[in-house]
Amino acid sequence: MENLEGLIEQAPAFLMTYGLKAVAAIVIFIIGKYFSGVAKRLTDKVLTSRGVDQTVVSFVSNLVWGLVFVFTVIATLGQIGVQTASLVAVIGAAGLAVGLALQGSLSNFAAGVLMVIFRPCRVGDFVEAAGVAGVVDEITIFSTKLRTGDNKTIIAPNSAMMDGTIINYSAQENRRVDLVIGVGYTSDIAATKKVIAQVLDNNQYVLKDPAYTVALGELADCSINFVVRPWVKTANYWPAHFELLEQIKIALDEANIEIPFPQMDLNVKELPAS
């Protein structure tokens, strides 16, 4: 009876102490669950506004929700007296094991997220990266699909794309065509520059602004080399390149300006009779 009376006397204090902890735990859980939803919606909104791929948006927003919810559960259990240190250690060890097992995939995923967010290249761009070059057909969360000029498909890991230098040939509106035109040493320099300039002035692809450059670039072994640098729209780069070479060759031939080929003069000396 004395023990029962003692328990009855301690009951209000027990209920006060642990009841308040239970209420606090419930409040922490409800608030944490609410904020996990808020964090998910906020992440979804921010990534969507930046034009991030919807697959990445869904994955990242769910990941954020999961992290906040796990933190909420741990805080709730700690409030009611559960020792959470061992639980955190187990979760950390499991996360480390999974991370080590999926190291390559996680690296590709992280690189894919960065590519979608920062946009070093877009679908339709011609790029050179990871030791390959081609038109970007598709960017997924793990790899990038490129199409080469001869219609081969290359699938490059996103980590290889982001770890190296990406040369994007389509990023700028205009590109410069760099040509080297060699003529014979007997050719008139002013006349040659005039012929080349007339071709550039009449070409359908060459832009007026920025202005083109025609200048003497090198006195080579067998020729005088002129640098010819017109600006064209990026989409017209290769049509302009091929057309200009053909038109310049025809114009130089019509002006009787020689385009030399490598040659060597041999001087034979007669040796005296022994």
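Taken together, the values in this text are just the output of simple stated rules run on the coordinates, not laboratory data. Not measured: the values here are computed from a predicted model. Counting neighbours? That spans all protein chains shown, and the Cβs are built from the backbone with ideal geometry, glycine included.
Net charge within 15 Å of Ile248 by Cβ-Cβ distance, Lys/Arg positive one each and Asp/Glu negative one each, not counting Ile248 itself? Display every interim value, and only then the final one.
Numbers: positive: Lys193, Lys194, Arg229, Lys249; negative: Asp178, Asp201, Glu243, Glu246, Asp253, Glu254, Glu258.
Summing Lys/Arg as +1 and Asp/Glu as -1 gives -3.
Proximity of backbone amide H atoms, modeled 1.01 Å from N, is registered between Ser143 and Asn158 at under 5 Å, excluding neighbours fewer than 5 places apart on the same chain. Structure note, pairs Lys208/Lys233; Lys194/Lys249; Lys40/Lys145: Cα-Cα distances above 18 angstrom occur for Lys40/Lys145.
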